1. In this model, which of Lys242/Lys361; Lys80/Lys158; Lys213/Lys431; Lys186/Lys431; Lys129/Lys246; Lys215/Lys246 are farther than 32 Å apart at the alpha-carbon?
2. Quick check: convex hull over the Cα atoms of the chain, volume per residue in Å³, rounded to an integer?
3. Shape call for the stretch 237-357 from the C-alpha gyration tensor, a ≥ b ≥ c root eigenvalues: rounded (a/c under 1.5), prolate (a/b greater than b/c) or oblate?
4. Can you give the convex hull volume per residue for the Cα atoms of the stretch 378-449, as a whole number of Å³?
5. Taking only the C-alpha atoms, wrap a convex hull around the stretch 74-143 and report its volume per residue in Å³ as a whole number.
6. Any idea how far the Cα center of the stretch 253-292 sits from the one of the stretch 72-105, in Å?
7. Tell me, what % of the accessible area of the stretch 132-217 is carbon and sulfur with a 1.4 angstrom probe?
8. Along its three principal axes, how long is the stretch 298-405 when you only count alpha carbons? Whole Å, largest extent first please.
Amino acid sequence: MELSFLVSQTIMSFPHLLVISACLLIAVFAYHSFRPRCIYLIDFSCYQPPDFLRSPISNFIEHLNLSGIFDRECLDLQQKILERSGIGDDASVPVTVHEIPPHSSLSAAREETHDILFTVVQDLFSKHKMDPKSIDILVSNCSLFCPSPSITSIIINKFGMRSNIKSFSLSGMGCSAGLLSINLVKDLMKIHGGSLALVLSMEAVSPNGYKGKCKSMLIANTIFRMGGAAILLSNREQDKHKAKYKLQHLIRTHVGSDDESYESVMQEVDEEGLVGVALSKQLVKVASKALKINVVELGPRVLPYSEQLKYIISFIKRKWGKQKKEKEKETYTPNFKKAFEHFCIHAGGRAIIEGVEKHLKLEKEDGEASRTTLYRYGNTSSSSLWYEMQYLEAKGRMRKGDRVWQIGFGSGFKANSAVWKCISEIDSREKNAWSDRIHLYPVCGDASG
């Protein structure tokens, strides 16, 4: 009788058990499906031009003179900018730019793109013994060279990637496009779990030389150099143990609604019908404004509460303080060295680096990676941040647990921040774009000349 009762009770409760089990399964599935996925940076590779592509400052100036393109006033201006640019004698330009006069064509741009991207992608694949078909997401960014077929199609064709790969080619987004590409991958990985992504960042120098007389457009002739990077990302849990870094934050700021900011970096046609990129005199001011907005959003996510409190008290005193001295005081600038061990500021030029250092109250040594990258490689556009990361690695300064802040700027105008945490032991002896002469840097006194 008792056994019969127990059986009947069990049968009656069975539907309830099914419902509870189903709810638990749904909860577990929802947790694994919608939980934030970590983005791991497995590795990255930066292009190192061969020595025969070096363009020492004296050669660069001589080349400008022999080209017969510019009048004396334009030559003197470019020489003056070069000598103050902070760029050294190891920075390189594509082979067609070494020609007299420089050769600018679609084929030259393709050749430069192939040389840079094929090299860095092959380097990553060979180092990690990867099958190109394992890549799920491919994103490229190159602001001024936008061929058809696209740059991602060129890579897919060269390395025989899968037919269902998700590929995106970004253009016209300036020097900050590298971090925009990382952000795009981050968003895609929210949907596509268990994915490997490859990001390619570069700018083609060969098709973008300006041959006119507009002073604001001549600046770009002197600061941009050859370079590029490939970055391998994953949101697969099994890649955590071999990854170098984990993405912690990525903040984007776009101040294009303001005319002065929008026009600070712009590709235009001059009075003679020649195309060039005009850089405004207000560029540093615009960059500082955009960075300030970006930092206001990033600060609360990374700064210790003590620094946030100091800022709030300073802001209140300045805004509502009764004494005149309190109102005249500058608002407290938080000590970002309490949040980060390393800083990678876009190597867009000496003025940009010094402007960021001043704005964030950083010491000169905090900008060493940026200043040294500018000195050796010049302004390589969106890839400059990765040369700076490799510099820190080659110097043996990147340690497990360290946090690094990448700060990118680009036309539009945009300021973007990425925060990475080092999650592995970095071997400073590992070959990279600095290994051959890391002992020569930083240049004694001032890497920016």
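1. Pairs exceeding 32 Å: Lys242/Lys361; Lys80/Lys158; Lys213/Lys431; Lys215/Lys246.
2. Here the figure is 214 Å³ per residue.
3. Judged from the Cα gyration tensor, the stretch 237-357 comes out oblate (a/c at least 1.5, b/c at or above a/b).
4. Spread over its residues, the Cα hull of the stretch 378-449 gives 110 Å³ apiece.
5. Once divided by residue count, the hull of the stretch 74-143 is 160 Å³.
6. 22 Å
7. About 53 percent, which is the carbon plus sulfur part of the accessible surface.
8. 51, 31, 21
The values are calculated or read from the model by the stated rules, or taken from the named source; none is laboratory data. What you see is a predicted model, and the numbers here were worked out from it, not measured in a lab. We place every Cβ from the backbone using ideal geometry, glycine too, and count neighbours over all the protein chains shown. Ligands, DNA and RNA are excluded from the accessible area calculation, which covers all protein heavy atoms including side chains. Shrake-Rupley method; radii C 1.70, N 1.55, O 1.52, S 1.80 Å.
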